[in-house]
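The values are calculated or read from the model by the stated rules, or taken from the named source; none is laboratory data. Keep in mind the model is a prediction, meaning the values are calculated, not measured. Cβ placement follows ideal geometry from the backbone for every residue including glycine, while neighbour counts extend to all protein chains displayed.
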Amino acid sequence: MIASFALLARIKAGRGAADEAAELLLEGAQVADRLGLTRLRTAVGAERISQLLARGRIREARRVARDLPEGSVRHGGIGTRIDQLRTSSLAAVHSAEGDHERAIALVQDLIVEARRWGQLRTAVEMSVQLAGIRERASRFMAAERTLAGVLDRVVARGTPQLVREGGPEVRAVLERVTARAREGASADTLPAVEQLEAVLAVADRDDAPSPADLTGREREILQMLDLGRGNQQIASAIGVTVNTVKWYLKNIYSKLGAGNRTEAVSVARRQGLLG
């Protein structure tokens, strides 16, 4: 449901359909309230805040942030994720209001917590957000160090969309980091210049990934994901290695704006790609 409402609304907003995105988020909030789905309500609220801030509607974003649920009443990973989304959204609002110090402190705590729990993707997401906040605060070198510290993971995990979702500030940081790499003045831990330029190309895109770009083989694999097939089963069915299947999956996730196979199937169903 998060994929069907929050992620799809992000894709629609990226294509300029702000009204459709808002309607989808409203629908998601209503479903969450009706079924008592706290995590869905938080994810939809967080995406709404992001879109409001992108349109300069800071006061409205602040009101939505105040109404976000707290995860402390839930046990386990769901409660943790709810609190992460809520805190990240509050930090985004603080930064938009000019309170960068408070925003930085909140996100830094999230990064420490995510690393402690082994949540590497979340730690990367929060680091990208931190780079953007530091850029807005005119802490340019700190922003570069923050982003440079996670670019190797962005490349290794095939998730350049995380950088694009960081907005124009993160894009500006990435451009400087890439320029330094071209000049040979970058840290040894950075990915190769060609890989940085590939991430920069994704960050330059104004539109969200389009499901229409799926190849025939990617659609075939998507159908098998819907059937619950594992990587080894898919590899045997189409006559390739498991690593090749993983490479296809990264492409599918990127094009659908999904983070894993469950989200990919949900988005595909919503858009009628599975028949």
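Checking each residue in the range 240-260 for being within 11 Å of L214 (Cβ to Cβ) and in contact with a Gly (Cβ under 9 Å, 6 or more places away or on another chain) picks out N251, S254.
In this structure, does L68 turn out to be of a type in the set (A, V, I, L, M) and assigned to a helix (DSSP H, G or I)? Here the answer is no, as L68 does not meet what is asked.
Which one of I133, I104, I78, I82 is in contact (Cβ under 8 Å) with a residue 12 or more places away in the chain, in a helix (DSSP H, G or I), β-branched (V, I, T) and in contact with a Pro (Cβ under 9 Å, 6 or more places away or on another chain)? I82 is the lone residue from the list that is in contact (Cβ under 8 Å) with a residue 12 or more places away in the chain, in a helix (DSSP H, G or I), β-branched (V, I, T) and in contact with a Pro (Cβ under 9 Å, 6 or more places away or on another chain). Residues in the range 128-147 that are out of contact with any His (no Cβ under 9 Å at 6 or more places or on another chain) and crowded, with 24+ Cβ neighbours inside 10 Å: V128, Q129, L130, A131, G132, E135, A143, T146, L147.
Just so you know, in the range 199-239 the residues that are over 21 Å from the mean Cα position of the chain (by Cα) and modelled with pLDDT under 85 include one that is nearest to A179 (Cα to Cα), and it is T215.
T159 fulfils the conditions (1) in contact with a Leu (Cβ under 7 Å, 6 or more places away or on another chain); (2) buried (at least 21 other Cβ atoms within 10 Å of the Cβ); (3) outside any helix (DSSP H, G or I) except for a single criterion, (1).
Considering the range 6-33, the residues that are touching a residue at least 40 places away in the same chain (Cβ under 8 Å) and under 19 Å from T262 (Cα atoms) include one that is surrounded by the most Cβ atoms within 10 Å (Cβ to Cβ), namely A9.
Output the residues belonging to the range 91-106 that are touching a Ser or Thr at 6+ places or on another chain (Cβ under 6 Å) and either under 19 Å from E60 (Cα atoms) or not assigned by TED's automatic domain parsing to the domain that holds A143 (or both). Matches in the range 91-106: A103 only. Among the residues examined, V112 qualifies as under 19 Å from A143 (Cβ atoms) and surrounded by fewer than 16 Cβ atoms within 10 Å (Cβ to Cβ).
Of the residues making up the range 1-14, at least one is aliphatic (A, V, I, L, M), assigned to a helix (DSSP H, G or I) and touching a Pro at 6+ places or on another chain (Cβ under 8 Å).
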